[in-house]
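The values are calculated or read from the model by the stated rules, or taken from the named source; none is laboratory data. Treat the numbers as computed from the prediction; the structure is a model and nothing was measured. Please note: Cβ atoms are built from the backbone with ideal geometry, for glycine as well, and neighbour counts cover all protein chains shown. Side chains are part of the model used for accessible areas, which takes the heavy atoms of the whole protein and leaves out ligands, DNA and RNA. Shrake-Rupley method; radii C 1.70, N 1.55, O 1.52, S 1.80 Å.
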Amino acid sequence: MAPRRLLLVGEGNFSFAAALSETLDPSTSLTATCLQRPADLARDPVAQENVQRLREQGTEVRFGVDCTQLADAFELHDREFDRIYFNFPHYGRKAGVAKNRELLAKFFQSCTDVLAEEGEVHVALCRGQGGTPADKPMREWHNSWQVVAMAALGGFILSDVYPFSCEAVPGYKSTGYRSQDKSFHVEGALNHIFTRSLPFESLQPRIFRIKLGDQWFSFPEPEALVGKLNRCFLEAPSCHPVKTINEKLIAELDKAFPLKRVKCSFPLLPQGGTGVVTSWNRDILSAAFWISFHEDNANSESLTGGTTEDMEDCLVSFSELSLPKSPGRDSKEEAHEGIYSQAKICLRPSLLVHVQAVIQAPDFLPGSLHILSGPVFQKCRISPFTMPAFHETLFIFGFSENLKDGCLQSLLDHLKGILDNLLTQTFLEGSKLSSSVEFVFQPNGKDYMINVKSHNFGPDCAKDLIIGSVITSATSILHEDQCFVFVSMNLDLLAMLVWSISDWRMLWTFDNRFLKNFVPGKIEPFKSYSLYPPCYVHDISFWLDDKKGFDELEFHTLARAVSQDTVISIQFLSRFQHPKTEQVSLCYRLTYQTCDKALTRQQVASMQTQFRKEIQQQLHVTPR
């Protein structure tokens, strides 16, 4: 839909407004403004002619409008502009980059008051001024206007950028260079389009409530997983890409094997239920998120606030959860007496923990492919392709011992064909972006890792990613004459590869613009609506406590929690040991960057300060 109300600020001679007005639909209204007073343009015949032309066409022209104070220029009923233009802003005279950054920051902050919710802000800058990779050549960050960082101060993100073309608006002549009647150098200029970001709020962990038998229990969402529980991406009627890719996988395998889908419960695993972990996945719980259940006697209807969620409908039943019980007493009896009021539970780190239950089920069918899909949660170090929450799909295949080699090879061949077909895409005419799948033997000589060598993030950006595993070394659990193969796949990584999504965090965004990229039945490269977000770097060093060890995994997990997943990199810099006290100090570098929201330097500084406090309290180190 064409924008209905346009606002032009910082017009010099009104030539852009005059040219633009000739291209507009009659239903579109245009308001052209400048900072100068009418008397200031009295000696400029071109400006006077353009103003007269605009007014004859019914365009509103205003003088003395300060683009950093737009709320003062428009009454409440006269705001809500669909698009605001600011071409070649300049502080005036010989102002340096600092003054021009200040101008941009105040302008963007002012735009929040008069821009429609889904409106756009267009800012044209001369070559190199913006400081983004779109500039050719790109200036050093400190010598640019840092337009994306300045926009973040007003809550805006850069959603598009393209060359500024004077030919598209015939008659336009930029003016005002250094407060003179001179044109700006527009060769190589870029038009930057900004849109509103979702507010970067300090998200608080939600409290989840679950009914076990006749008793209600509650537990807090782990801070490192805020916003990632109960998202239901794989459920109907979701159109999330992880669901799309899962359904495609299952549909293709259904053509070659008898299929049985197994309903996946909510991802809670009791401490006493770790007997499902066998020798081939015994390390699976080492990185689990453990939580504490607390007895919750509050009336269910009274807890309906925004941070509390009742999970009765989508959680497992009391008997399915199978909390550990004391000898000689039944589960319901213990529940009523509060035995479970502080049970230790973990969020499921992998669907592999359900293997034994599936095979032991009375309706398990050897020769059929049993499929489970659901979210899993694991603590992990911060890197571009490791994620604390993702969606896993698990294929369980049981068959007779004498058919092992043939069944295994058939499954691997079909799986490779399906994955190659999904990952080898000609996205654009002439594009040679592709991926290749290979099964890499593990040291035990029996199991495989599913490795993908992908160019789908760009021809100069080859990635080797492990998207899953094939376990063939599992001995019979119940059926002595049966062999089993388990195939586990990370659907989030697979979706990233198929749609060229470079940041896993984008899959978890709450911004509705993300899902608008995905058209049913088509696979096209994902186009981000947040381009070139700025990075902020902070170093941190601390003394270790001699009596307590340092857990680097917990250090990364705490950084995730405090930064709300805005830390994208943690780099170890140095280790120092004091020559006299022999006390050890470590130094790390943290890089902050968002993928879908506006993030300011001030917000990052606040998070870094909080991080220093948290590591002291929780990791027992002493910041330097």
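Before moving on, here are some points about what is shown:
- Accessible area per residue in Å² at 1.4 Å probe, computed on the range 54-192: 48 Å²
- Portion, in percent, of the accessible area of the range 465-572 that falls on carbon or sulfur, probe 1.4 Å: 51 percent
- Taken about its Cα centre, the range 25-145 carries a charge dipole of about 840 debye when Lys and Arg each add +1 at the Cβ and Asp and Glu each add -1 at the Cβ.
- Net length available on complete extension from GLN571 to SER292 is 97.2 nm, with 0.36 nm assigned per residue and the Cα-Cα distance removed.
- Net charge of neighbours whose Cβ lies under 11 Å from the Cβ of CYS166, counting Lys and Arg as +1 and Asp and Glu as -1: -1
- Protein-only accessible surface at a 1.4 angstrom probe places the residues LYS211, LYS547, LYS228 in the order LYS547, LYS211, LYS228, largest first.
- Taking a sphere under 15 Å around the Cβ of PRO258 and counting the other residues whose Cβ falls inside, with K and R at +1 and D and E at -1, yields a net charge of 0.
- FRET efficiency, 1/(1 + (r/R0)^6) with R0 41 Å, evaluated for GLU80 and THR591 via beta carbons: 0.65
- Annotation: peptides 155-163, 511-519, ranked by per-residue average of other Cβ atoms within 10 Å with the highest first, follow the order 155-163, 511-519.
- Placing pseudo-labels 7 Å out from each Cα toward the beta carbon at GLU140 and LYS248 gives an inter-label distance of 4.5 nm.
- Peptides 483-495, 529-541, 412-424, 436-448 ordered by average Cβ neighbours within 10 Å, highest first: 483-495, 529-541, 412-424, 436-448
- Cα→Cβ-extended label distance, 7 Å offset, between LYS527 and LEU515, nm: 2.0 nm
- Estimated FRET transfer efficiency (PHE550, GLU60; beta-carbon r; R0 56 Å; 0.05): 0.30
- Gain on full stretching of the segment that runs from SER165 to GLU201 - 0.36 nm per residue minus C-alpha separation: 9.2 nm
- In this structure, HIS620 and SER27 have a Cβ-Cβ separation that, at R0 = 45 Å, corresponds to a calculated FRET efficiency of about 0.10.
- Ranked by the mean number of other Cβ atoms within 10 Å per residue, highest first, peptides 133-143, 598-608 order as 598-608, 133-143.
- Residues listed by number, the range 599-624, amide nitrogen under 12 Å from LYS580 label point at 7 Å toward C-beta: none
- Euclidean distance of C-alpha centroids, the range 3-39 and the range 534-583, integer Å: 53 Å
- Label separation (VAL97 vs PHE441): 5.5 nm, computed from points 7 Å beyond Cα along the C-beta direction.
- Inter-centroid distance (Cα atoms) of the range 586-624 relative to the range 95-120, Å: 27 Å
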